[in-house]
Amino acid sequence: CTCMEVALDHPGEDVVYIPSQSIDPEEIAKLYGFVYYEERPLLCSLLRLRNYPDARCVFVTSITIEPQILSYYLSLASDESVSEQSIRDRLLLLAVNDGSPYPLTQKIIDRPELTKQIKGWIRADRAFMRCIISTPLEETLASLLGIPLRANPSRLSCWGTKHGSRTVFKEAGIALPDGTDQKFTATEYIESILELWNRHPKHTKYVAKLNDGVSGDGNAIFRLLSDHSELSREEKLKYIEERLSNMEFVAKAETWDSFLAKLEKRGAIAEIWVDGKHATSPSSQGFITDEKEILVLSTHEQILKDGLYLGCHFPSSDAYREALATYCNKIGTVLASHGARERFAVDYVVVPPQSDEPNDKAKIYAIEINLRSGGTTHPCETARLLCKGRYCTKQGLLVAHDEKVKYYRASDNVVDEVLTKLSFEHITRIIAESESKWNSESMSGCVFYFLGALPTCGKVGMLAVGNSKEECCRLFEAAESSLINSASAL
């Protein structure tokens, strides 16, 4: 096994996977179909069992995963060398039967009989726990199970906040948008925005960010018009407050009053909005080993709509892929020096040259760090394990076991109300009978990695793998059209 495989997969060990979204229940409830998102790492976990015959897995969710969904994932994970039964024998699938927005980890802690069952099943000397986001809850559960938690220590979560991210970027010497420090009162926040505005009197578009906002939901856009720059200080402060009260919130239910209440508890920053013609929003993913080695895992082009993450393309553009990998390494080195471990991801904005002037170069701005599994984690791991591949750091490409380079497109948000008409069997059959069906020999086609939200939300997560960017996009779009057209015909 390579260093990367050992760090990510831990061949021959038992993983207790707790896919808990351990954040404020009020925030997680805003995510449409939130409880079903716990399912996303399951296919990766089953593929790990296929690739490593001595590995085992405990996978716990809030609600029961439907048998048809499990059967579909098992059909993808098994092959001529590893049967479905072999994978089932090494899998313990548990549910707490509580679909509330409270953290899954807390639900497990509150059920001592469940922890006892898990402890009785795992090989304690060869087991570890993995999670989506590390908080004191996850550390408590790992302690109750008597196994190590492979995640960033929760005491270091500050480095994954908006303020912490900015601090790390400065320490790493990487460009970032000008902005404010974190503030915890309305008065201080408005005054810090005035200072920012005074530094950029001609800049009109700004973004307000809750310190611990997730997937853009804690963000809001506001504008400060340059023709107000001649106002007195007191008039400017009043004007800024008026603009903040009418911000364009990413989360539709958010208001200035609710934002302010969260600001006072958790802090917020503000930044100038970085934009430009043909600007893109790529990301890089890294891993910090126990020995503080930085592994660059991938780069992606993110698909965003109104500031919300919808999906991704792999890999990122040739024009700046190498630069993103370099930045990822630098940022990981700083994080490691502060004690951070395991997964992290960095979001960027890239503004290409805006003129033909020879000195007009592309500008890359680091935006924020996520010290957790994110939207690109599950597609990345699914594609790697599905193709039995490896990430080639030098070229920034995924190379399958047959040495062919692979590209992919993925989204957790293939969503349309009409899809609620489809059953699990129907939706998988539509893809199996389409040009986008998964071909295990060519290692190309579409697979689902998130199906539970189909009946209630009309939402699925889908990954398309191909031998070029054009092929995987064509496969993805054809599969999406087949689903919607078939559902519309019912």
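The values are calculated or read from the model by the stated rules, or taken from the named source; none is laboratory data. All figures in this text were calculated on a predicted structure; none of them were measured in a lab. As a convention, Cβ positions derive from the backbone with ideal geometry for all residues, glycine included, and neighbour counts pool all protein chains shown. Heavy atoms of the whole protein, side chains included, go into the accessibility calculation; ligands, DNA and RNA do not. Shrake-Rupley method; radii C 1.70, N 1.55, O 1.52, S 1.80 Å.
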Mind checking which pairs have a first residue in region 157-184 that is in the same structural domain as Thr326 (by the TED database) and free of Cβ contacts under 8 Å to residues at least 12 places away in the same chain and a second that is open to solvent by 10 Å² or more (accessible area, probe 1.4 Å) and aliphatic (A, V, I, L, M), Cβ under 7 Å, 6 or more apart or different chains? none
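Scan region 198-211 and give yes if some residue there is under 28 Å from Ile23 (Cα atoms), free of Cβ contacts under 8 Å to residues at least 40 places away in the same chain and open to solvent by 20 Å² or more (accessible area, probe 1.4 Å), otherwise no.
Within region 198-211, not a single residue is under 28 Å from Ile23 (Cα atoms), free of Cβ contacts under 8 Å to residues at least 40 places away in the same chain and open to solvent by 20 Å² or more (accessible area, probe 1.4 Å).
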Enumeration of residues in region 255-281 that are open to solvent by 60 Å² or more (accessible area, probe 1.4 Å) and part of a helix (DSSP H, G or I): Asp257, Glu264, Lys265
Given the conditions (1) in a helix (DSSP H, G or I); (2) of a type outside the set (Gly, Ala, Ser); (3) over 22 Å from the mean Cα position of the chain (by Cα), every one holds for Trp159 apart from (3)
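So that you can scan it fast, the table gives a plain yes or no per residue for (1) modelled with pLDDT of 95 or more; (2) under 20 Å from Leu176 (Cβ atoms):
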| site | (1), (2) |
| --- | --- |
| Val207 | yes, yes |
| Leu231 | no, no |
| Ile240 | yes, no |
| Leu263 | yes, no |
| Ala268 | yes, yes |
| Ile272 | yes, yes |
Please work out which one of (1) out of contact with any Asp or Glu (no Cβ under 8 Å at 6 or more places or on another chain); (2) over 21 Å from Leu74 (Cα atoms); (3) not in a loop (DSSP other than H, G, I, E, B) is the condition Ala464 fails and give its number. (2)
With criteria (1) surrounded by 18 or more Cβ atoms within 10 Å (Cβ to Cβ); (2) among the hydrophobic types (A, V, I, L, M, F, W, C); (3) in contact with a Gly (Cβ under 6 Å, 6 or more places away or on another chain), Ile174 comes up short on (3)
Scan region 454-468 and tell me whether some residue there is surrounded by 16 or more Cβ atoms within 10 Å (Cβ to Cβ) and over 27 Å from Thr61 (Cβ atoms). yes
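Taking region 1-35 as the region of interest, how many residues are under 15 Å from the mean Cα position of the chain (by Cα), more than 15 Å from Ala151 (Cβ to Cβ) and not β-branched (Val, Ile, Thr)?
The first filter runs over region 1-35 and keeps only residues under 15 Å from the mean Cα position of the chain (by Cα), leaving 19-23, 28, 31, 34.
Checking the rest, the ones that are also more than 15 Å from Ala151 (Cβ to Cβ) come to 28, 31, 34.
Remaining after also requiring not β-branched (Val, Ile, Thr): 31, 34.
Number of matching residues: 2.
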Suppose the filter is more than 24 Å from Ser78 (Cβ to Cβ) and open to solvent by less than 20 Å² (accessible area, probe 1.4 Å); does Ile427 pass it? no
Can we say Lys394 is of a type in the set (Lys, Arg) and in contact (Cβ under 8 Å) with a residue 12 or more places away in the chain? no
Looking at region 1-119, what strands (runs of 3 or more DSSP E) fall wholly within it and have at least 3 residues that are in contact with an Asp or Glu (Cβ under 9 Å, 6 or more places away or on another chain) and in the same structural domain as Leu297 (by the TED database)? none
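Scan region 388-407 for residues that are farther than 12 Å from Phe314 by Cβ and part of a loop (DSSP other than H, G, I, E, B) and jot them down. Steps first, answer last, please.
Here is the first cut: in region 388-407, the residues farther than 12 Å from Phe314 by Cβ are 388, 390, 392-395, 399-404.
Result: Lys388, Thr393, Lys394, Gln395, Ala400, His401, Asp402, Glu403, Lys404.
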Inter-residue pairs, beta-carbon under 6 Å, first under 14 Å from Gly458 (Cα atoms) and in region 471-490, second open to solvent by less than 20 Å² (accessible area, probe 1.4 Å) and assigned to a loop (DSSP other than H, G, I, E, B), 6+ apart: Ala487/Leu422
If you go through region 155-162 one residue at a time, do you hit one that is open to solvent by less than 60 Å² (accessible area, probe 1.4 Å), out of contact with any helix residue (DSSP H, G or I) (no Cβ under 7 Å at 6 or more places or on another chain), among the basic types (Lys, Arg) and closer than 30 Å to Thr204 by Cα? yes
Within region 120-150, restricting to residues that are touching a residue at least 60 places away in the same chain (Cβ under 8 Å) and either of a type in the set (D, E, K, R) or not assigned by the TED database to the domain that holds Arg40 (or both), the one that is surrounded by the most Cβ atoms within 10 Å (Cβ to Cβ) is Glu138
Sort out which residues of region 303-342 are polar (S, T, N, Q) and surrounded by 19 or more Cβ atoms within 10 Å (Cβ to Cβ), and write them in order of number. Ser316
Of the residues that sit in region 408-424 and are of a type in the set (S, T, N, Q) and not in a helix (DSSP H, G or I), which one is farthest from Ser75 (Cα to Cα)? Asn413
If I go through region 401-413 residue by residue, how many of them are modelled with pLDDT under 95 and open to solvent by less than 30 Å² (accessible area, probe 1.4 Å)? 1
